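This report concerns only the one structure given below.
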Amino acid sequence: MTSTLERAATTTPSTAERAPRRLGFGRRRSAWDLKLSPYLYISPFFILFAITGLFPIAYTAVISFMDWDLVRGSGEFIGFDQYAWVLSQPKFWIALRNTFSIFLLSSVPQLIVAIFIAAMLDQNIRAKTFWRMSVLVPYVMAPVAVALIFSNMFGDQYGVVNTTLQNLGLPAVPWHSDAFASHIAIATMVNFRWTGYNTLILLAAMQAIPREYYEAATVDGAGKIRQFFSITLPSLKPTLVFVIITATIGGLQIFDEPRMYDQYGTGGADNQWLTVTLWLYNVGWGEWNFGRAAALAWILFLLILAIGAINLFITRSLVRDEGGRGDARSRREIRAQARAAKRRLAMDAEPSPSRHVSASTFPSREETGR
């Protein structure tokens with residue numbers, strides 16, 4: 001009995017001085033995995049983009065400041081002379097005017113029609129899958145095939161459109177000689193191909209809207225049109241921003257349709273439908289002047305960046321957030337609350353002294369008289 005008490009007395013101080021339990025390697029590894037795994041999952045895209053995209057972009061920026069010799073693969077640094085040459089050419093401003101004209105004639109009607117078709121497909125109609133797949137058929141067609149078909153349809157003499165107009169007693173339209181008419185024809189090709197694609201994106205966003213909103217609006221007496229403008233359209237704000245930005249990028253980089261609009265592919269005899277990308281192609285591969293083509297490419301990039309930022313600002317101001325789903329807190333408040341939550345989690349994870357009670361805090365058997 002005495003030896004047992006002596007062993008207990010000798011082990012009590014060591015137990016009292018035991019260090020608090022620390023987190024093991026397994027828990028630390030789990031924390032690292034939680035923090036680093038998202039970056040690991042998205043890294044393949046950025047690695048591939050750095051190899052196949054970022055390097056060519058940087059290389060093009062270097063070439064734009066040089067008088068590049070394609071045969072020797074080297075050039076002489078001339079500064080901003082290539083940019084000054086591009087901006088001083090009347091053909092650049094004609095191409096820029098044509099590009100913006102085709103962009104507006106294609107993007108605005110395309111977005112309106114896509115929203116309307118998506119709203120119709122979101123209703124309870126028969127053969128939903130058939131109609132949803134049908135709107136995507138023009139998108140899977142080859143751009144060259146679409147351009148060839150529509151260029152023949154909009155022929156000046158024997159085109160289907162002019163023949164129909166003449167049968168109705170209307171005058172024929174000079175689709176190739178008139179600048180604005182050619183822009184309408186090319187914009188029609190773009191709308192034919194991309195309306196279905198944007199329709200499916202908007203339809204997916206519409207189906208993600210909770211049905212309870214519409215049921216509550218119906219109980220309150222709101223009709224279909226009021227529900228569309230008060231529930232559907234505000235809920236589509238993130239998707240609309242994406243669609244408008246992608247339409248801006250694609251519309252300002254239009255190349256296939258004007259290239260295949262006639263048999264020459266130079267933008268018309270008087271540059272009626274010459275676009276920036278088409279002129280870039282003619283300068284780079286027609287005149288073999290890669291320095292000027294690179295400078296023109298970077299000017300187009302800056303224009304797309306500026307127009308995209310303007311579209312983003314306008315879209316955010318015109319389309320309000322859906323009521324009840326936004327967060328009224330500022331970014332600073334959100335970050336402060338996140339830091340406070342992390343500190344609370346860290347404090348909860350640390351072992352408390354009260355959790356490690358040593359045996360010396362309890363009375364021994366001799367003290368209790370047992």
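The values are calculated or read from the model by the stated rules, or taken from the named source; none is laboratory data. Predicted, not measured: the structure shown is a model, and the values here were computed from it. Glycine gets a Cβ as well: all are built from the backbone with ideal geometry, and neighbour counts include every protein chain shown. Only protein heavy atoms, including side chains, enter the accessible area calculation; ligands, DNA and RNA are left aside. Shrake-Rupley method; radii C 1.70, N 1.55, O 1.52, S 1.80 Å.
Rundown of residues vs (1) of a type in the set (Val, Ile, Thr); (2) part of a helix (DSSP H, G or I); (3) touching a helix residue (DSSP H, G or I) at 6+ places or on another chain (Cβ under 6 Å), yes/no style:
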{"site": "Trp93", "(1), (2), (3)": "no, yes, no"}
{"site": "Phe100", "(1), (2), (3)": "no, yes, no"}
{"site": "Ile112", "(1), (2), (3)": "yes, yes, no"}
{"site": "Ala118", "(1), (2), (3)": "no, yes, yes"}
{"site": "Ile125", "(1), (2), (3)": "yes, no, no"}
{"site": "Thr164", "(1), (2), (3)": "yes, yes, no"}
#### Entry: Extreme residue, most open to solvent (accessible area, probe 1.4 Å), among residues of the range 210-242 that are among the hydrophobic types (A, V, I, L, M, F, W, C), touching a residue at least 40 places away in the same chain (Cβ under 8 Å) and touching a Ser or Thr at 6+ places or on another chain (Cβ under 8 Å)
Val241
### Task
May I ask you to list pairs of residues, at least six apart or on different chains, whose Cβ atoms are under 7 Å apart, with the first in the range 292-308 being among the aromatic types (Phe, Trp, Tyr) and the second being not in a helix (DSSP H, G or I)?
Trp298/Ser64
### Query
Can you name every residue in the range 154-182 that is under 34 Å from the mean Cα position of the chain (by Cα) and open to solvent by 60 Å² or more (accessible area, probe 1.4 Å)?
Phe180
## Note on the structure
Residue count, the range 278-291, condition at negative phi and touching a residue at least 60 places away in the same chain (Cβ under 8 Å), comes to 5
### Task
Identify all residues within the range 33-73 that are open to solvent by 50 Å² or more (accessible area, probe 1.4 Å), outside any loop (DSSP other than H, G, I, E, B) and either touching a residue at least 60 places away in the same chain (Cβ under 8 Å) or under 19 Å from Glu287 (Cα atoms) (or both); write none if there are none.
Asp67
### Query
Can you name every residue in the range 254-268 that is open to solvent by 40 Å² or more (accessible area, probe 1.4 Å), without any contact (Cβ under 8 Å) to a residue 24 or more places away in the chain and not β-branched (Val, Ile, Thr)?
Gln263, Tyr264
### Message
Being open to solvent by less than 70 Å² (accessible area, probe 1.4 Å) and without any contact (Cβ under 8 Å) to a residue 12 or more places away in the chain is the requirement here; does Gly251 meet it?
### Response
no
